[in-house]
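The values are calculated or read from the model by the stated rules, or taken from the named source; none is laboratory data. These numbers were taken from a predicted model, which means no experiment stands behind them. As a convention, Cβ positions derive from the backbone with ideal geometry for all residues, glycine included, and neighbour counts pool all protein chains shown. Only protein heavy atoms, including side chains, enter the accessible area calculation; ligands, DNA and RNA are left aside. Shrake-Rupley method; radii C 1.70, N 1.55, O 1.52, S 1.80 Å.
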Amino acid sequence: DAGVTQSPTHLIKTRGQHVTLRCSPISGHKSVSWYQQVLGQGPQFIFQYYEKEERGRGNFPDRFSARQFPNYSSELNVNALLLGDSALYLCASSLDNRGSNQPQHFGDGTRLSIL
Amino acid sequence: GESVGLHLPTLSVQEGDNSIINCAYSNSASDYFIWYKQESGKGPQFIIDIRSNMDKRQGQRVTVLLNKTVKHLSLQIAATQPGDSAVYFCAENMDPGGYQKVTFGTGTKLQVIP
């Protein structure tokens with residue numbers, strides 16, 4: 001069975017541009033969460049989507065947005081890119097949006113570099 | 001691939017020895033904990049989990065211990081192998097209200113010496 005898949009694997013953008021990253025969850029998983037991982041640190045929670053709605057959000061500006069589609073896949077959008085947005089963006093899926101007893105499973109991420 | 005382990009605490013272990021990786025968590029309301037392994041150029045991979053009503057859980061070659069009194073987790077890897085070399089993160093899960101918030105620790109880089 002396929003795990004969480006993300007595309008593209010690498011991307012280079014310049015400051016001020018906009019980017020869209022894509023994620024397909026594990027089959028049967030209805031929740032998708034996005035994380036930002038800066039080099040040398042642990043992943044930081046951006047937001048979680050469930051049933052096409054944003055259910056929770058971390059400490060990230062409104063330049064970061066996402067959407068979830070009827071097939072539970074998701075897109076992360078970042079506007080007005082800054083140099084500090086350079087990071088590995090990880091997508092994780094889980095069965096639903098509750099956290100008490102289910103792990104999130106991660107894709108291998110998209111490496112975004114801002115020049 | 002690019003390393004995710006720069007500037008992280010490092011544990012060096014001889015192949016065949018046991019490894020113990022420690023983690024302190026911050027939120028006493030967290031009720032579910034996971035250890036992830038992240039290899040260079042890859043995303044975090046689920047290893048083992050434990051709920052807050054347990055203090056020990058065993059998997060294949062791995063054991064997680066939870067001490068809620070001092071908010072401490074540890075991951076024990078038996079007979080460490082070169083393929084265990086990676087960065088290990090503990091993650092605490094909580095439900096602040098209708099969603100799953102996962103907070104990762106700072107990570108420990110495990111280097112296995114052949």
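Could you list, in sequence order, all residues of the stretch B:22-41 that are not in a loop (DSSP other than H, G, I, E, B) and not charged (D, E, K, R)?
B:22, B:23, B:24, B:32, B:33, B:34, B:35, B:36, B:38
From the list B:58, B:45, which residue is more than 11 Å from chain A (Cβ to nearest Cβ), out of contact with any Asp or Glu (no Cβ under 6 Å at 6 or more places or on another chain) and open to solvent by 40 Å² or more (accessible area, probe 1.4 Å)?
Within the list B:58, B:45, the selection yields B:58.
Among the residues of the stretch A:87-110, what is the count of those that are more than 7 Å from every other protein chain (Cβ to nearest Cβ) and either open to solvent by less than 30 Å² (accessible area, probe 1.4 Å) or at pLDDT 95 or above (or both)?
8
Could you please give the count of residues in the stretch A:1-25 that are assigned to a loop (DSSP other than H, G, I, E, B), of a type in the set (Val, Ile, Thr) and surrounded by fewer than 18 Cβ atoms within 10 Å (Cβ to Cβ)?
Number satisfying all stated conditions: 2.
Scan B:36, B:25, B:32 and give me the residue that is open to solvent by less than 40 Å² (accessible area, probe 1.4 Å), more than 10 Å from chain A (Cβ to nearest Cβ) and either within 23 Å of residue B:99 (Cβ to Cβ) or touching a residue at least 60 places away in the same chain (Cβ under 8 Å) (or both).
Among B:36, B:25, B:32, only B:25 is open to solvent by less than 40 Å² (accessible area, probe 1.4 Å), more than 10 Å from chain A (Cβ to nearest Cβ) and either within 23 Å of residue B:99 (Cβ to Cβ) or touching a residue at least 60 places away in the same chain (Cβ under 8 Å) (or both).
Here is a list: B:112, B:87. Which entry is modelled with pLDDT of 95 or more, in contact with a Pro (Cβ under 7 Å, 6 or more places away or on another chain) and closer than 30 Å to residue A:9 by Cα?
B:112
Test each condition in (1) of a type in the set (Val, Ile, Thr); (2) under 22 Å from residue A:101 (Cβ atoms); (3) open to solvent by 70 Å² or more (accessible area, probe 1.4 Å) for residue B:64 and report the one that comes out false.
Of (1) of a type in the set (Val, Ile, Thr); (2) under 22 Å from residue A:101 (Cβ atoms); (3) open to solvent by 70 Å² or more (accessible area, probe 1.4 Å), only one is false for residue B:64: (3).
Of the conditions (1) hydroxyl-bearing (Ser, Thr, Tyr); (2) buried (at least 19 other Cβ atoms within 10 Å of the Cβ); (3) closer than 20 Å to residue B:43 by Cα, residue A:50 fails just one. Which one is it?
It is condition (3) that residue A:50 fails.
Among the residues of the stretch A:62-71, which ones are in a strand (DSSP E or B) and open to solvent by 50 Å² or more (accessible area, probe 1.4 Å)?
Matches in the stretch A:62-71: A:67 only.
It is to be established whether one or more residues within the stretch A:27-43 are touching a strand residue (DSSP E or B) at 6+ places or on another chain (Cβ under 8 Å), surrounded by fewer than 17 Cβ atoms within 10 Å (Cβ to Cβ) and part of a strand (DSSP E or B).
no
I'd like the full set of residues that are touching a residue at least 24 places away in the same chain (Cβ under 8 Å) and part of a loop (DSSP other than H, G, I, E, B), limited to the stretch B:42-61.
B:42, B:44, listed by residue number.
Does residue A:59 qualify as being outside any strand (DSSP E or B) and surrounded by fewer than 15 Cβ atoms within 10 Å (Cβ to Cβ)?
Against the criterion (outside any strand (DSSP E or B) and surrounded by fewer than 15 Cβ atoms within 10 Å (Cβ to Cβ)), residue A:59 qualifies.
Return the residue satisfying two criteria in turn: it lies in the stretch B:89-114 and is under 19 Å from residue B:13 (Cβ atoms) and assigned to a strand (DSSP E or B), and of such residues it is farthest from the other protein chains (Cβ to nearest Cβ).
Among those residues, the one meeting the criterion is B:113.
With in contact with a His (Cβ under 7 Å, 6 or more places away or on another chain) and under 18 Å from residue A:5 (Cα atoms) as the only criterion, which of A:50, A:72 stands out?
Being in contact with a His (Cβ under 7 Å, 6 or more places away or on another chain) and under 18 Å from residue A:5 (Cα atoms) holds for just one of A:50, A:72, which is A:72.
Name the residues in the stretch A:72-86 that are on the phi < 0 side of the Ramachandran plot, open to solvent by 10 Å² or more (accessible area, probe 1.4 Å) and in contact (Cβ under 8 Å) with a residue 60 or more places away in the chain, would you?
A:79, A:82, A:83
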